[in-house]
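Asks: Next up is a structure, given as structure tokens.
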Amino acid sequence: MHWGRRGAAAADAPPLPRTAVELRDVTHAYGERTVLSDVTLTLTESRIGVIGANGSGKSTFARLLNGLVVPTAGTVLVDGLDTRTQVREVRRQVGFVFQDPDAQIVHPTVAEDVAFGPTNQGRPADEIARRVDEVLDRYGLDGHRDHPAHLLSGGQKQLLAIAGVLVMEPQRVVFDEPTTLLDLVNTRRVAEVIEGLRQDVVVVTHHLDLLARFDRVLVFEDGRLAADGSPAEAVPWYVARNA
Amino acid sequence: MLSLYAPGTSPVHRTRAGLKLAALAALGTGLFALPRIEVVAAALVGVLVAGLVVARLPARALWAQVRPVWLLLAALFGVHLLVTDALTGTVTVLRLLTLVLAAAVVTATTRVTALVAVVEWLLRPLEVVGVRPARVGLMVAMTLRFIPVVAERAARIREAQAARGASGMRLGLLVPLLIQVLQLASTLGEALDARGADDVPARRPRRA
């Protein structure tokens, strides 16, 4: 598999302005079932990991960050923008990569799908073409530009999903279990891509080794923020808790 | 059309999608308006030259489109031998063969987005009654994208059922497939939101 110029464009580019995401007394329920309770925190670090058992509320937490889910109580602010009332602006700042790339690739071929986001943003066609070329090259997909998306490997599909978000140039990217469906080689590749991003990232994952060089790790348990600290503190706490 | 596009820079590839679709429609109309063997044969040769020589498409790409209808064409010719005559049967079969090949040449040399753009352009007059062409275009593109995805999921369910001893459970496939498709649709809806589909412009941006 060809990986292209790994992260070169990202490494050369100037850093993006940092984002601040603030959750104030956030609770979210699906009907009668409360999945997140009274979460208050501010995210300013560049690399934030989110871990927890299945059903602990971490995916709902991730979806709150770009307004895919709005809290039933409390407020989520992204650089002061309220996800409840300014969701379009929020989504321009916060990109979201889903666990299953098949569910987020919407166009039949690779280049067409990457162009989808910037087209929605109303960018001029020349700029869209330049951005698409750049991200396809950066993630080793330039040789697959006209290939049908359904014929890509699992790893290539996840890279395409990531490219489709990064081409929109968000300031923060939220990844919801981006490596769960991948083999070891592709997991490493996606981890490298995340590490090389100039954007701030929030990664929800069960792969604890991905978080070793992160700035902060949040642990969710039964819909509550159970631990919050550096990887050296939070990960062993979580492992001991689930031993 | 799901995966037929063959990248290239030939004059056929460079021709505007709208023009190719118009030519395809004109060819279909012409072949039915002039049901003569010399006209149909000339059209078939023209389509083959356009596909194989000008567009430089591999013969197997065109054959792949003819293969599924080959038996139908043979049966149609047989019926004509019984009820009309060999010449009428030949004209009928060659006419359909020409149209299948012409459609294959168009889809093999045109990106899906270009075809979708034509659909959007054709729908523009309906904007006055509230139709949003870009939305319809997105729907067409997503239909093409998700046919193989749903087919793959159906194959996985069939395998899982076979692995557990089930066989020939056509109806038994439907419920789990429906559940998976609904889950997929739910995540897809979120993904469309996350990628700004709510901001889909009324028209595609043009090159500066």
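Asks: Got a sec? Which residues in segment B:61-80 would a label at residue A:151 touch, if it sits 7 Å along Cα→Cβ and we count backbone N under 19 Å?
Replies: B:61-68
Asks: I would also like to ask the following. At a Förster distance of 35 Å, what's the computed FRET efficiency of residue B:183 paired with residue B:135, Cβ-Cβ distance as r, to 0.05?
Replies: Result of the calculation: an efficiency of 0.95.
Asks: Among B:108, A:162, B:142, pick out the residue whose Cα is farthest towards the positive end of the charge dipole of the protein assembly as shown, where Lys and Arg carry +1 and Asp and Glu carry -1 on C-beta, about the Cα centre.
Replies: B:108
Asks: While we're looking at this one, here's another question. Do you know the relative contact order of segment A:117-216, to the nearest whole percent, from alpha carbon pairs under 8 angstrom that are 6+ apart?
Replies: Here the relative contact order equals 26 percent.
Asks: To continue, here is another question. Please give the helix B:170-194 orientation as an angle from the longest Cα principal axis of chain B, in degrees from 0 to 90, rounded to the nearest 10.
Replies: Approximately 70 degrees, to the nearest 10.
Asks: Another question about this same structure. For chain A, with only Lys/Arg (+1) and Asp/Glu (-1) charged at the beta-carbon, what is the dipole magnitude about the Cα centre, in debye rounded to 20?
Replies: 100 debye
Asks: Quick check: pseudo-label points 7 Å beyond the Cα along Cα→Cβ at residue A:18 and residue B:88, how many nm apart are they?
Replies: 8.3 nm
Asks: Between the alpha-carbon centers of segment A:77-137 and segment A:53-73, tell me the distance in whole angstrom.
Replies: Between the Cα centres of segment A:77-137 and segment A:53-73 lies a distance of 20 Å.
Asks: Which of B:89, B:18, B:165 ends up with the largest GNM mean-square fluctuation for chain B, with Cα atoms connected below 10 Å?
Replies: Per the Cα network of chain B with a 10 Å cutoff, B:165 tops the list.
Asks: Now a separate question. Tell me whether segment B:84-174 comes out rounded, prolate or oblate; compute the Cα gyration tensor, take square roots of the eigenvalues as a ≥ b ≥ c, and use a/c under 1.5 as the rounded threshold.
Replies: Note, shape of segment B:84-174 comes out oblate.
Asks: Same structure again: Run the numbers on chain B and let me know its relative contact order in percent, using alpha-carbon pairs under 8 Å that are six or more apart.
Replies: Answer for chain B is 25 percent.
Asks: For chain A, modelled as a GNM with alpha-carbon contacts under 10 angstrom, which of A:152, A:166, A:210 fluctuates the most?
Replies: Of A:152, A:166, A:210, the most mobile in the Gaussian network model is A:152.
Asks: Here's another thing I want to ask about it. Set the Förster distance to 35 Å, then compute FRET efficiency between residue B:198 and residue B:124 from the Cβ-Cβ distance, nearest 0.05. Write out the running numbers ahead of the final one.
Replies: Details: r = 21 Å, r/R0 = 0.60.
Efficiency, rounded to the nearest 0.05: 0.95.
Asks: Helix-only estimate, please: 222 nm mean residue ellipticity of the protein assembly as shown, summing -39500 (n - 2.57) across DSSP H runs of length 4 or more and dividing by its residues, to the nearest 500.
Replies: One gets -16000 deg cm²/dmol as the mean residue ellipticity at 222 nm.
Asks: Sticking with this structure for a sec: Give, as ranges by residue number, the residues of segment B:72-87 whose backbone N falls under 11 Å from the point 7 Å along Cα→Cβ of residue B:37.
Replies: Only B:86-87 pass the distance filter.
Asks: While we're here: Once the Cα atoms of helix A:125-138 and of chain A are each reduced to a long axis, what angle between those two axes, in degrees from 0 to 90 to the nearest 10, is obtained?
Replies: 80 degrees
Asks: Taking Cα pairs under 8 Å and at least six residues apart, what relative contact order does chain A come out at, in percent?
Replies: The normalised contact order for chain A reaches 29 percent.
Asks: Explain nothing, just compute: Karplus ³J(HN,Hα) = 6.51 cos²θ - 1.76 cosθ + 1.60, θ = phi - 60°, for every residue of segment A:211-216 in order, whole Hz, x for Gly and Pro.
Replies: Taking θ as phi minus 60°, the curve returns 9, 3, 9, 7, 8, 7 Hz for segment A:211-216.
Asks: Using the Karplus curve 6.51 cos²θ - 1.76 cosθ + 1.60 with θ = phi - 60°, what ³J(HN,Hα) values do you get for each residue of segment B:160-166, in whole Hz, with x for Gly and Pro?
Replies: Values, residue by residue: 4, 5, 5, 5, 9, x, 7 Hz.
Asks: Please list, in order along segment A:40-56, the HN-Hα scalar couplings obtained from phi with the Karplus expression 6.51 cos²θ - 1.76 cosθ + 1.60 (θ = phi - 60°), rounded to whole Hz, x for Gly and Pro.
Replies: With the stated coefficients, segment A:40-56 comes to 10, 6, 10, 9, 10, 6, 7, 10, 10, x, 10, 10, x, 5, 4, x, 7 Hz.
Asks: Pulled fully out, how much extra length does the chain show between residue B:56 and residue B:81, if you take 0.36 nm times their separation in residues and subtract their Cα-Cα distance?
Replies: The span from residue B:56 to residue B:81 would gain 5.4 nm if fully extended.
Asks: Next up: On a 0 to 90 degree scale, rounded to 10, what angle separates helix A:154-166 from the longest Cα axis of chain A?
Replies: Tilt relative to chain A: about 80 degrees.
Asks: For every other residue with a beta carbon closer than 10 angstrom to the beta carbon of residue A:170, add +1 if it is Lys or Arg and -1 if Asp or Glu, then tell me the sum. Mind dumping the intermediate values first?
Replies: Numbers: positive: A:91, A:92, A:172; negative: A:169, A:200.
Around residue A:170, the charge tally is +1.
Asks: For chain B, modelled as a Gaussian network with Cα springs under 10 Å, which listed residue fluctuates most, B:109, B:143, B:98?
Replies: B:143
Asks: Computed FRET efficiency, Cβ-Cβ of residue A:34 and residue B:154, R0 25 Å: what is it to the nearest 0.05?
Replies: After rounding, the FRET efficiency stands at 0.10.
Asks: Determine the gain in length on full extension of the stretch residue A:27-residue A:242; use 0.36 nm per residue of separation and subtract their C-alpha separation, reporting nm with one decimal.
Replies: Gain on stretching residue A:27 to residue A:242: 74.9 nm.
Laboratory data are not the source of any read-out in this text; all were calculated from the coordinates shown. Only a predicted model underlies this, so the values are computations on that prediction, with no experimental measurement involved. Glycine gets a Cβ as well: all are built from the backbone with ideal geometry, and neighbour counts include every protein chain shown.
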